[in-house]
Amino acid sequence: MRTVSLALRNLLRNRRRSITTLLAMVIGAVTILVFGGYSRNITLSLQTSYVMRGGHLQIQRQDYFLYGSGNPAAYGISDYQKVIDVVARDPVLAPMLTAVTPTISLGGIAGNFAAGVSRTVIGAGVVVADRNRMRGWNDYGLPMNIPPSALTGSAADAVVIGNGVARVLELCEPLGVPNCKKHAQAEAEAGVAAPADITALAALESRPAATAGEARIEILAANVHGAPNVASLRVVKAERQGFKELDDMYVGMHLAQAQRLLYGGEKPQATAVVLQLAHTRQIPAAKARLAELLASTLKGQPLEVQDFEALNPFYGQAVGMFAAIFGFMAVLIGAIVLFTVGNTMSMAVIERTAEIGTLRAMGLRRSGIRRLFMVEAMLLGVIGAVAGVAAALCVAWLVNHAGLTWVPPGQADPVPLTVRVWGETAMMIGSAALLAVVAVISAWWPARRAARMRIVDALRHV
Amino acid sequence: MNVVTLKHIGKTYHLDAVDVPALIDIDLEIRPNCFTVISGPSGSGKTTLLNLIGCIDQPDSGEVIVAGEAVQTLSDDALSDFRARHIGFIFQNFNLLPVLTVRENVEYPLLLARVPAAERKARVAALIEAVGLSDKAGNFPGELSGGQRQRVAIARALAPSPNLVLADEPTANLDSHTGAAIIALMREMQREHHVTFVFSSHDPKVLAEADDAVMIRDGRIENIERREQRGEEAT
């Protein structure tokens with residue numbers, strides 16, 4: 001008799017036990033796949049967030065990544081426009097690119113001197129049109145709706161600040177920032193007058209008159225020679241940033257404004273050239289090509305390339321953490337399946353001892369007995385895995401259509417809670433294969449025991 | 001040539017610290033195309049002897065030759081193949097595979113013997129008809145009476161055209177009327193298929209049908225009675 005047909009009939013012989021075993025496998029598969037889909041969604045959301053903000057790759061001056069944050073003016077790329085032109089026109093890189101744009105990172109002190117408050121900030125100078133294009137990157141089809149930057153169409157002196165910055169600088173009221181203490185109360189608790197030297201520097205800046213309800217800040221930054229440079233800027237919006245640390249320090253501005261703060265009247269530079277690719281998987285090819293360009297066309301400039309994982313170590317940590325949890329869960333569920341199927345097969349061997357003796361007496365080899373039980377376990381495994389994947393897809397569909405939202409790490413706004421199972425072919429096949437293989441392995445010992453039975457003992461079994 | 005030759009066979013069971021001799025210095029020759037009955041009281045060693053003849057157990061001493069083959073020299077796989085080709089079994093509890101139909105049960109040993117499909121189909125149909133179960137060919141064993149199940153077991157045992165069919169108390173679980181019918185069927189099939197039947201029984205009706213009757217007691221052969229010696233004509 002064809003072994004598969006016989007094995008299938010034997011499984012149907014004790015339907016309740018087979019269904020219970022399958023149920024354990026289905027629950028295992030659903031747990032693995034739904035968690036896997038959830039963690040996959042988190043890591044892809046994180047990746048998308050980082051790629052939208054900082055691109056896939058950044059060309060920086062050598063050692064800027066390690067030392068430049070303390071003195072960005074000294075680690076600028078002097079001929080950044082040439083770098084952009086070379087990259088944008090390169091026949092290998094050009095088809096991969098969605099954006100190539102310069103950026104400046106700077107540190108300074110932002111003050112609302114009218115209110116007598118200030119704090120250290122991290123400024124980012126960007127080309128707004130390029131950044132808006134980068135915000136549209138959504139390679140994984142995530143349910144995101146990112147609006148254009150608040151700097152779009154704004155004046156040259158416009159800035160966007162984090163909600164935390166707005167609170168400290170007492171700009172909540174004009175910017176409509178929630179959860180702020182009343183101005184008077186805050187002043188009474190912590191109001192401190194600006195230092196006299198800062199007040200003097202601010203007075204030197206040609207400062208447009210503030211209109212009623214307008215929010216303005218002054219930013220003090222050290223220029224390339226170490227001398228202080230001050231700009232009076234108009235805050236167009238306060239936006240919540242994904243991380244509290246960033247929210248309390250972020251100031252976004254036009255690239256030209258940031259360049260004026262860092263380089264004054266000298267030739268403007270950029271601290272990085274940001275490259276956003278159409279697909280993350282293109283990073284190795286793009287890096288390889290950039291290495292060739294840096295060694296040839298751009299040889300004159302001391303540059304290096306960093307990818308988004310190096311620039312954002314949290315991403316790698318999060319991916320690693322979820323992979324570890326996923327692996328841990330998979331091992332646990334694999335163990336449960338191992339013992340469940342093993343127990344089922346052991347019971348089947350005990351119940352069919354006389355039958356095993358009969359088959360052996362009729363001339364079925366030991367290997368045939370072993371194969372019979374292994375095939376039964378394999379069928380259990382395959383049916384359980386396929387049913388598990390189907391059930392996981394149903395659960396994922398229900399979750400995805402339940403209207404649940406959450407705020408992923410590193411993001412400011414809630415997004416729909418998504419469990420990403422459909423389309424994750426490798427994960428589905430991998431999990432199903434794992435369960436099927438575990439089921440077969442679990443049958444090995446009972447099958448071996450069945451095959452090694454003495455025929456006369458098996459026939460005597462009642 | 002004899003279908004089975006046993007030379008100086010000894011077999012002892014070890015039960016905890018006690019050795020129980022089951023067979024002691026057995027010499028036996030089973031003639032071809034005979035209806036041979038091994039008879040004796042309970043515990044006399046009938047089943048052990050049948051197991052050795054059926055190559056599903058090994059003696060502690062002596063030599064077992066079945067169909068001209070010294071079976072103790074065969075590996076486990078070779079012995080399995082040997083059984084599939086040369087030996088059919090009929091069990092007291094029928095031992096049909098409950099998940100297979102009558103037709104599939106009879107076909108199973110032919111699959112083990114790798115008989116081609118067309119021949120398999122023809123042989124299965126003929127055997128099922130011969131045991132009078134053509135109308136039950138698609139039924140499962142659970143849907144049959146005890147007598148019908150034993151008929152299926154007889155058809156299954158004969159399917160691979162073996163040299164030897166062994167039956168361990170085949171009528172023990174049947175009422176006397178059905179038992180007699182089964183014995184008659186086995187006798188008929190033995191004659192028709194020219195195959196040697198060896199079975200254990202202490203049913204006088206079975207003994208009366210035997211060509212050769214081997215009487216065994218306390219693990220020793222007490223007597224072998226041939227039909228010729230009883231003054232009847234051998235078949």
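Table for the structure above
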read-out	value
Per residue accessible area in Å² of region A:284-435, where ligands, DNA and RNA are left out and the probe is 1.4 Å	46 Å²
Lysine pairs meeting the criterion (Cα under 19 Å, 8 or more apart or interchain), as found in region A:63-301	6
Solvent accessible area, Å² - A:Asp85, 1.4 Å probe, full protein context	50 Å²
Relative packing of A:332-340, A:140-148, which averages over residues the other C-beta atoms within 10 Å, highest first	A:332-340, A:140-148
Centre separation in Å (Cα based) which lies between region B:13-38 and region A:249-310	93 Å
When the protein assembly as shown is reduced to its Cα atoms, the Kirkwood hydrodynamic radius in Å	32.9 Å
Taking the C-alpha atoms of region B:109-190, convex hull volume expressed per residue in Å³	100 Å³
Listing of region B:95-129 residues, each with accessible area lower by at least 30 Å² in the full protein assembly than in the chain alone (probe 1.4 Å)	B:Asn95, B:Leu97, B:Pro98, B:Val99, B:Leu100, B:Glu104, B:Tyr108, B:Leu111, B:Leu112
Gain on full stretching of the segment that runs from A:Asp63 to A:Ala94 - 0.36 nm per residue minus C-alpha separation	8.5 nm
Note, ³J(HN,Hα) from phi for region A:96-108, Karplus 6.51, -1.76, 1.60, rounded to Hz, x at Gly and Pro	8, 8, 10, 7, 10, 8, x, 8, 10, 10, 9, x, x
At least 27 Å along the helix axis (C-alpha) and Kyte average at least -1.0, DSSP helices within chain A	A:15-54, A:313-351, A:366-400, A:425-451
For residues of A:448-457, the mean tally of beta carbons on other chains within 10 Å	2
Test item: A:3-10 mean partner chain Cβ contacts at 10 Å	2
Per-selection Rg to Rh, region B:4-226 - Cα, Kirkwood hydrodynamic radius	0.97
Protein accessible area in the protein assembly as shown, 1.4 Å probe - carbon and sulfur %	58 percent
12 Å beta-carbon shell around A:Tyr38, net charge (K/R +1, D/E -1)	+1
Paramagnetic label zone (point 7 Å from Cα along Cα-to-C-beta, A:His279; backbone N under 20 Å) in region A:296-326	A:307-309
Compactness index (Cα Rg / 2.2 N^0.38 Å), region A:222-373	2.17
Packing rank of A:160-170, B:158-168, where each peptide gets the mean count of other beta carbons within 10 Å, highest leading	A:160-170, B:158-168
Computed accessible area, A:Tyr80, all protein chains, 1.4 angstrom probe, square angstrom	30 Å²
Selected from B:Asp212, B:Asp81, B:Asp16 as most flexible by GNM, with chain B as the system and alpha-carbon contacts under 10 Å	B:Asp16
Accessible heavy-atom area order of B:His194, A:His254, highest first, probe of 1.4 Å	B:His194, A:His254
Neighbour net charge for A:Arg135 - beta-carbon separation under 14 angstrom, K R +1, D E -1	-1
B:Thr5 paired with A:Ala402, simple spin-label distance in nm, labels 7 Å along Cα-to-beta-carbon	7.9 nm
Heavy-atom SASA rank of A:Ser442, A:Ser105 (probe 1.4 Å, accessible area, largest first)	A:Ser105, A:Ser442
Total accessible surface hidden between A and B, rounded to 100 Å², 1.4 Å probe	2300 Å²
Accessible surface ranking that places the most exposed of A:Asp130, B:Asp76 first, with a 1.4 angstrom probe	B:Asp76, A:Asp130
Cα-projected label distance for B:Asp16 with A:Lys299, points at 7 Å along beta-carbon direction, nm	9.4 nm
Virtual spin-label span in nm between A:Lys181 and A:Ala227, 7 Å along Cα→Cβ	3.9 nm
Contact order normalised by residue count of chain A, Cα under 8 Å, 6+ apart, percent	28 percent
Per-selection metrics, region A:63-301 (Cα): Rg and Dmax in Å	19.5, 62
Accessible surface of B:His8 - all protein chains present, 1.4 Å probe, nearest 10 Å²	110 Å²
Proximal aspartates and glutamates to B:Lys136, defined as alpha-carbon separation beneath 15 angstrom and excluding residues fewer than eight positions away on the same chain	B:Glu104, B:Glu107
Cβ neighbours within 10 Å from other chains - mean over A:362-374	5
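The values are calculated or read from the model by the stated rules, or taken from the named source; none is laboratory data. On a predicted model such as this, the values are computed, not experimentally measured, just so you know. Reconstructed Cβ throughout: ideal geometry from the backbone, glycine too, with neighbour counts over all protein chains shown. Ligands, DNA and RNA are stripped out before the accessible areas are found, and what is left, the full protein with its side chains, is counted by its heavy atoms. Shrake-Rupley method; radii C 1.70, N 1.55, O 1.52, S 1.80 Å.
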